[in-house]
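Following: one structure in structure tokens, then a few remarks.
The values are calculated or read from the model by the stated rules, or taken from the named source; none is laboratory data. Please read all numbers here as calculations on a predicted model, not as lab measurements. Here Cβ is always computed from backbone atoms with ideal geometry, including for glycine, and neighbour counts include all displayed protein chains.
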Amino acid sequence: MIGRLSGRRVPWPGVAVLTLLVLLLPLVLPPFGVGIATEVFIMAIFAMSLGLILGYAGLVSLGHAAFFGAGAYTVALLGQYVFNTYLLLLSATAVAALLAAISGALFFRSTGAYFLMLTLAFSQVLFAVAFQAEPITGGDDGMSVVAVPDLGFGEIVGELGLYYMMGFAFLGCYLLLRLFVASPAGKVVKGIMENELRMRALGYNTFSYKLFVYTLAGAMAGFAGALYAYFNFYVTPDLLGWVLSGQALIMVIIGGVGTLLGPALGAAFFIVVQNYASFYTEYWALVLGLIFIIFVLLGRGGLMHLLRAVWNRTLPSRFREREDEMEPEEPAAEHQKERTP
Amino acid sequence: MSLLAVNGVSKAFGSLQVLRDVSLEVQPGQRHVIIGPNGAGKTTVFKCITGLLPADSGSIAIDGTDVTGMPAHSRVSLGLACTFQKTNLFSELTVEENLHLAVTARKPYRFRIWKPLSWYEDLQRDTRELLQEWDLWSRRRHRVDELSYGEQRILEIVLALASKPRILLLDEPTSGMSPAETARTTSLIQEMPRSVALLVIEHDMDVVFSIADYITVLHHGEVFLSGPPEEVRGDERVREIYFGGGARPHA
Ligand SMILES: Nc1ncnc2c1ncn2[C@@H]1O[C@H](COP(=O)(O)OP(=O)(O)OP(=O)(O)O)[C@@H](O)[C@H]1O
Ligand SMILES: [Mg+2]
């Protein structure tokens, strides 16, 4: 990919750094840290998918866990009969995408607080179904996941195997989103967030773009949920509940709304604080809540903003990367003019 | 056949009847100006034509195609474009990014989800041409909210032109401009190629008579009079409506 970009700014040093991070992290982590990092990757995918609709499409959802839980339950339920991991992951993603497409199509007539309430209600409906359908889902107690991940080179049972599976899934999702937000459709979605009326006047079918991005985010959340089912060996209705949706919102806001990696960072922060703080105090939720308030009061940007400030100060300029921009330093048009006499 | 035909359009907001049986036509290449006092319903006519608001009754056709029930974006692909009376841009984006969004709207790759938008050479070229033509090239890296008001009004027009329309609706293009900016904008409008038909709402009579070759007078949501400029200029009743009551004071 980098080869055909000669003449353009080297893209995504962030991707290379992230890949190295995923590869090498287990070498420096304490034993129990690998499990935490694995969970971080999964929640990072989930948070990034919410960050996409929140920060790039301006859609505030309080029911994003509906798609996460739907993905998780798909693996748990279907995994009783089907064992192919690719097939299960695909099914979970498809189920979540379908749910997102249908609910999005119904809910986009409403905006703002009404949209938020509808997404919340939708996730609560799924929650109630999982809760009530006890013979199938185990109801409140949940059900265990019998499917074991196998990507074609043996069953992945060890901690490190799961770590790398989730790590690469995270990298893949990040890359996909990075491409999307810079693409024509991604830019259009951002334009709709900025000024939907103008986008309609310019000739865009704004509804279809919004539906697409919502479906993409739902699909990705479902994928994360499916991974979670493999990671946790167990699913409960909580995976569909508003608490998880709210936690994902917190991750996005702590990490940085309007950035791609911010929500992932927020997820890492959230999971680590949750794990460590719960060692020392049962009031970990309070600690997180306070941190959250501080970030909201500090304004936009979150952790990502802080990190970028440090990054830009320490790295030579040619490695600098502006979030979601892959433009050449000088407009391509000008270069072209010089070349063609 | 006329390029745009508005036929008996009515529109009410609740109990407020804003448009009553409005009909007008725009011929290819025509400079058709709509005048009328504040609140006459001029902007509402535009909204019904573009499809940003549904008309209650009546019909609208573009080049013979009935678009009455069509969504706004389909009308754009038939060659319609509009500007807004109140500047309506992507104020947090740069001038160039605004243009990118406007130009991409008619490109076949507008739905693509991988190759970065900024790599499409034709997009860069179209953007550059428009910006140079309208003297905004040097401002391309500036955020829209850093532009002067006059520049923003110009950008408003450039965005509409990016889709290469056959009919361009301009809603008070010179409102709020200084006399110098008004003069410049007027001459830019006069220089527009005749391949684009213009339907313009305008209050400034100097501007009206320097661009119009047809005028429609709207009053209380009804077409009061329409005809060539000489006819309208000489009409006593139009003066009465326009200058007698409720005309906006002009700077
Ligand atoms: N969305 C709306 N809801 C309710 N009333 C509206 C709405 N839009 C316009 N109106 C009313 O409809 C009438 C016509 O408005 P419109 O904007 O079409 O007038 P106009 O001729 O463009 O006036 P101006 O010269 O001030 O721009 C006004 O009385 C206005 O208050
Ligand atoms: Mg108006």
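Quick one: which of B:SER91, B:SER57 is over 20 Å from B:PRO173 (Cβ atoms) and either more than 16 Å from ligand 2 (Cβ to nearest atom) or surrounded by fewer than 20 Cβ atoms within 10 Å (Cβ to Cβ) (or both)?
So the residue among B:SER91, B:SER57 that is over 20 Å from B:PRO173 (Cβ atoms) and either more than 16 Å from ligand 2 (Cβ to nearest atom) or surrounded by fewer than 20 Cβ atoms within 10 Å (Cβ to Cβ) (or both) is B:SER57.
Residues are listed down the side, and each one gets a yes or a no for (1) in contact (Cβ under 8 Å) with a residue 24 or more places away in the chain; (2) within 14 Å of chain B (Cβ to nearest Cβ):
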{"site": "A:LEU160", "(1), (2)": "yes, no"}
{"site": "A:TYR163", "(1), (2)": "yes, no"}
{"site": "A:MET166", "(1), (2)": "yes, no"}
{"site": "A:TYR174", "(1), (2)": "yes, no"}
{"site": "A:MET193", "(1), (2)": "yes, yes"}
{"site": "A:MET199", "(1), (2)": "no, yes"}
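From A:VAL146, A:VAL189, A:VAL129, A:VAL125, which residue is among the aliphatic types (A, V, I, L, M), within 14 Å of chain B (Cβ to nearest Cβ) and under 26 Å from A:ALA65 (Cβ atoms)? Working first, answer last.
Working: A:VAL146 fails: within 14 Å of chain B (Cβ to nearest Cβ); A:VAL129 fails: within 14 Å of chain B (Cβ to nearest Cβ); A:VAL125 fails: within 14 Å of chain B (Cβ to nearest Cβ).
Criteria check complete, one pass: A:VAL189.
Going by what's in this entry, would B:LYS107 be described as more than 30 Å from A:ALA217 (Cα to Cα) and more than 7 Å from every other protein chain (Cβ to nearest Cβ)?
Considered against the rule, which asks whether it is more than 30 Å from A:ALA217 (Cα to Cα) and more than 7 Å from every other protein chain (Cβ to nearest Cβ), B:LYS107 comes out as no.
Answer with yes or no whether B:LEU19 is within 16 Å of ligand 2 (Cβ to nearest atom), in contact (Cβ under 8 Å) with a residue 24 or more places away in the chain and within 14 Å of chain A (Cβ to nearest Cβ).
When the stated conditions are applied, B:LEU19 does not pass them.
Would you check if B:GLY51 is more than 13 Å from ligand 2 (Cβ to nearest atom), within 17 Å of the chain's Cα centre (by Cα) and surrounded by fewer than 17 Cβ atoms within 10 Å (Cβ to Cβ)?
no
Taking strands (runs of 3 or more DSSP E) that do not extend beyond the range B:121-232, which have at least 3 residues that are more than 14 Å from the chain's Cα centre (by Cα) and within 16 Å of ligand 2 (Cβ to nearest atom)?
B:214-219
Determine whether B:LYS86 is closer than 17 Å to A:ALA185 by Cβ and of a type outside the set (S, T, N, Q).
no
Tell me which residues, restricted to the range B:29-48, are within 14 Å of another protein chain (Cβ to nearest Cβ) and either in a loop (DSSP other than H, G, I, E, B) or away from ligand 2 (no atom under 16 Å from the Cβ) (or both).
Passing the criteria: none in range.
Checking the structure you have, find out if any residue of the range B:79-86 is basic (Lys, Arg) and at pLDDT 95 or above.
No; the residues of the range B:79-86 include none that is basic (Lys, Arg) and at pLDDT 95 or above.
Answer yes if at least one residue in the range B:2-23 is part of a loop (DSSP other than H, G, I, E, B), away from ligand 1 (no atom under 16 Å from the Cβ) and at positive phi, and no otherwise. Spell out how you get there, then give the answer.
Filtering the range B:2-23 for residues part of a loop (DSSP other than H, G, I, E, B) gives B:2-3, B:14-15.
Next, only the ones that are away from ligand 1 (no atom under 16 Å from the Cβ) stay: B:2-3.
When the remaining residues are screened for being at positive phi, the result is none.
No, the range B:2-23 has no match at all.
Failed condition for A:PHE127, given (1) in a helix (DSSP H, G or I); (2) in contact with a Phe, Trp or Tyr (Cβ under 7 Å, 6 or more places away or on another chain), with all others met?
For A:PHE127, the failing item is (2).
In the list B:GLY51, B:GLY69, which residue meets the criterion of being free of Cβ contacts under 8 Å to residues at least 40 places away in the same chain, within 10 Å of another protein chain (Cβ to nearest Cβ) and closer than 16 Å to B:GLY8 by Cα?
On the way: B:GLY69 fails: within 10 Å of another protein chain (Cβ to nearest Cβ).
Only one candidate passes the filter, namely B:GLY51.
Do we have B:THR83 as in contact with a His (Cβ under 7 Å, 6 or more places away or on another chain), hydroxyl-bearing (Ser, Thr, Tyr), within 10 Å of chain A (Cβ to nearest Cβ) and crowded, with 16+ Cβ neighbours inside 10 Å here?
Details: in contact with a His (Cβ under 7 Å, 6 or more places away or on another chain): no; hydroxyl-bearing (Ser, Thr, Tyr): yes; within 10 Å of chain A (Cβ to nearest Cβ): yes; crowded, with 16+ Cβ neighbours inside 10 Å: yes.
No; evaluated as a whole, the condition is false for this residue.
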